[in-house]
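Asks: Before anything else, here's the structure in question.
Bear in mind that the values in this text are calculations on the coordinates, not laboratory data. Given the structure is predicted, the values throughout are model-derived calculations rather than measurements. Reconstructed Cβ throughout: ideal geometry from the backbone, glycine too, with neighbour counts over all protein chains shown.
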Amino acid sequence: MPSAHFLHILPEPGCAPESMFIPHEKLLDMAQFLGAKRLTTHIGMISVPTAAKAKERPTPAEKLENKEITYYEYVDILREVYGENKIIPDSLIVYKHLAKEATKRGIDITIETACCELYSVNLKPELIIDFIRQVGADNIGICIDAGHCHLNGLDITEVIRKCGSYFLETHFHDNFGIKDRHNPVGIGTINWLEVIKTMNEVGYQGEVIFEQGDYVTNHSNWMLFIAQVEKDLQEGII
């Protein structure tokens, strides 16, 4: 098991960041038992507030479940309630503990690019890297989500170059730059040939993780892309 998502970095609004320590340790134990090498996180991901404490009903989570609001609107509400000025300081506290405990279990932590929970940071690789450096752990890197980058108008090849040695993991899926459809690679407008060439350029050594369930199509298309890149290399096109 190379990788898994690790959600809810921050506690529900009103709780101390340290309240996540024990739940995170339990999840790390489960990941270690399953043989996970890496856990992918969304910086700014806030736990669902407890309905029993809600001052108003329906809660934002209930509105989301009832499709009265979108997920983007939901995370906007949570950020405001949590306090946007608290998210980075509290996240640093959580990630420092998470990285330390993950090291004990032989697990790396990655931060995913271009996630809507905190666009102010995760649309800019340099800001993710700055955050990682503030955490100060050797087992934290970046997961490049190609579909999310493409959806938000980012040049994926430039993101790869900027991440450099922090690039530890992929979440690859495709879209047409309009909606986050999580299509198989090749069913969209991402230039996968250039993505692969850039991965080769920077010497990426990790697995390729497709965050999409049609593994037959993903494998078939990916192998075609690889073959074309190898052909281009042989012919000196690159």
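Asks: Restricting to the stretch 152-187, name every residue that is more than 25 Å from TYR95 (Cβ to Cβ) and crowded, with 21+ Cβ neighbours inside 10 Å.
Replies: Residues satisfying the conditions are HIS173, ASP174, PRO184, VAL185.
Asks: Same structure again: Go through the stretch 54-71 and report how many residues are acidic (Asp, Glu) and within 20 Å of CYS15 (Cβ to Cβ).
Replies: 2
Asks: Starting from residues that are touching a residue at least 40 places away in the same chain (Cβ under 8 Å) and more than 16 Å from the chain's Cα centre (by Cα), keep the ones in the stretch 136-151 and report whichever is surrounded by the fewest Cβ atoms within 10 Å (Cβ to Cβ).
Replies: Looking at the filtered set, the residue picked out is GLY136.
Yes/no matrix, rows are residues, columns are (1) within 27 Å of THR198 (Cα to Cα); (2) in contact with a strand residue (DSSP E or B) (Cβ under 7 Å, 6 or more places away or on another chain); (3) free of Cβ contacts under 8 Å to residues at least 12 places away in the same chain:
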{"site": "LYS67", "(1), (2), (3)": "no, no, yes"}
{"site": "ILE93", "(1), (2), (3)": "no, no, no"}
{"site": "LYS96", "(1), (2), (3)": "no, no, no"}
{"site": "GLU126", "(1), (2), (3)": "yes, no, no"}
{"site": "GLN134", "(1), (2), (3)": "no, no, no"}
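Asks: Could you check the stretch 192-232 and list, in sequence order, the residues that are in contact with a His (Cβ under 9 Å, 6 or more places away or on another chain) and loosely packed, with under 15 Cβ neighbours inside 10 Å?
Replies: Listed by number, the list holds a single entry, GLY213.
Asks: Report whether or not ALA61 is touching a residue at least 12 places away in the same chain (Cβ under 8 Å) and touching a strand residue (DSSP E or B) at 6+ places or on another chain (Cβ under 8 Å).
Replies: Spelling it out, it is not the case that ALA61 is touching a residue at least 12 places away in the same chain (Cβ under 8 Å) and touching a strand residue (DSSP E or B) at 6+ places or on another chain (Cβ under 8 Å).
Asks: Residues being in contact (Cβ under 8 Å) with a residue 40 or more places away in the chain and either within 22 Å of ILE87 (Cβ to Cβ) or surrounded by 17 or more Cβ atoms within 10 Å (Cβ to Cβ) (or both): count how many of those fall in the stretch 26-44.
Replies: Going through the stretch 26-44 one residue at a time, the tally reaches 10.
Asks: Same structure again: Look at the stretch 2-25 and say how many of its residues are small (Gly, Ala, Ser) and assigned to a loop (DSSP other than H, G, I, E, B).
Replies: Total meeting the criteria: 2.
Asks: Give the residues of the stretch 146-193 that are in a loop (DSSP other than H, G, I, E, B), closer than 21 Å to ASN221 by Cα and of a type in the set (S, T, N, Q), sorted by residue number.
Replies: Listed by number, the residues that qualify are ASN175, THR189, ASN191.
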